[in-house]
Amino acid sequence: MNVLFITANRVGDAVLSTGVLAHLVERYPAARFTIACGPYAAGLFRAVPRLERIIVLEKKSWNRHWLGLWAACAGLRWDVVVDLRDSAVSRLLHAKKRYVRRARPGQHKVIENATTLGLDPPPAPHIWLDAEASKQAAVLLPAARALLAFGPAANWPPKQWPVERFAALAQKLTATGGLLAGAAVVIIADTHERAQLAPLLRAIPDAERVELFGRGLLTAAAAIKQCKLFVGNDSGLMHLAAAVGTPTLGLFGPGYEEIYGPWGAHCAFVRTTERREELLARLPNMDAREPNLMLGLSVEKAYEATKRLMEQTMR
């Protein structure tokens, strides 16, 4: 039995689609899975059970990447095709069953994806970890110590909480009497983001800091799974943390928390005092430098949200 699963280019959207994939893996225990996704998200899926192939959709001009996907899949007969990209490719393939996502503005992406297959309640995102990722995380993390994970970068500068505030929050959480007193701080980001996070790295002593830069999505997921708490910007890393079950606090300002908030009872979000519309109105024309739109979220407000989340998850 062959199943084709077409999912997102961006990491966050791909993570939010994994609940549907997990449902398919359980529903079709004899199936082989082919997954088509963007290059940034491909690493998420290497440990999916009964994986046949990952087809990486490298974006090309004139949408030629879709032609490449069709060429890779047209020679096969598919038992099930699930297309969360609403592409023409899924309609041109021979398939016994075909499910194509329809956009539902205002719905959380987890619900929107689940509705494609008529799933209610929607299955939560799920990340499959392999032995390699778990081994790498074990080597990188200090043993027998509480861990606090931060995702301090974002793919759009206006929605990145100032790194100095991450530093202040770390000090407040890990200080004597803090919610995570004595915890080591695990900082997770891509390699090219190290320079912009320098103030945060300098603020946390070497012995209290673990740097995970460019380690790959599954290693990051395995590391976050060992942490007591994750705090991060509205990003794919935030969704990854939620998907592995770690209590997750998402920081929002100009983003859409009703659509992209972290998913699960172990998750929460906190946002700026200003409304999204007010923040977005501050953006200049594209030729000007984009302002930081997260200044309306104080360290104290983030700390209080963290406290509520930890109390909630303990209950």
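Using a 7 Å offset from the Cα along the Cα-to-Cβ direction at both residue 102 and residue 282, what is the distance between the two label points in nm, to one decimal?
Placing both labels 7 Å along Cα→Cβ, they lie 3.9 nm apart.
What residues of region 33-63 lie in the reach of a label at residue 1, counting those whose backbone N is under 16 Å from a point 7 Å from the Cα along Cα→Cβ?
Within reach of a label on residue 1, which here means backbone N under 16 Å from a point 7 Å along Cα→Cβ, region 33-63 contributes 33-34, 49-52.
Looking at region 164-215, what % of the alpha carbon pairs are farther apart than 13 Å?
Of all Cα-Cα distances in region 164-215, 57 percent exceed 13 Å.
Taking the Cβ of each residue in 190, 234, 83, 206 as the centre, tally the other Cβ atoms inside 10 Å and list the residues starting with the fewest.
206, 190, 83, 234
Label points 7 Å out from Cα along the Cβ direction at residue 26 and residue 74: separation in nm?
Here the modelled spin labels are 3.7 nm apart.
Express in whole angstrom the spacing between the alpha-carbon centres of region 247-303 and region 68-132.
29 Å
Could you give the C-alpha radius of gyration of region 2-116 expressed as a fraction of 2.2 N^0.38 Å, taking N as the number of residues it contains?
Region 2-116 yields a ratio of 0.98.
Under Stokes-Einstein, with the Kirkwood radius over Cα pairs standing in for Rh, what whole-number D in µm²/s applies to region 133-314 at 37 °C and 0.692 mPa s?
Calculated translational D: 200 µm²/s.
Tell me the label-point distance for the pair residue 292, residue 266, using the 7 Å Cα-to-Cβ offset, in nm and rounded to one decimal.
3.0 nm
Report the residue, chosen from 88, 268, 133, that carries the largest GNM mean-square fluctuation when the chain is represented by alpha-carbon nodes joined by springs under 10 Å.
Judging by the Gaussian network model, the answer is 88.
For the chain: lysine pairs with Cα atoms under 17 Å, gap of 8 or more or different chains, count?
6
Read-outs throughout are calculated quantities, based only on the coordinates presented, and are distinct from any laboratory measurement. Remember, predicted model here, so these are calculated numbers, not experimental data. Cβ: placed from backbone, ideal geometry, glycine included. Neighbour counts: every protein chain shown.
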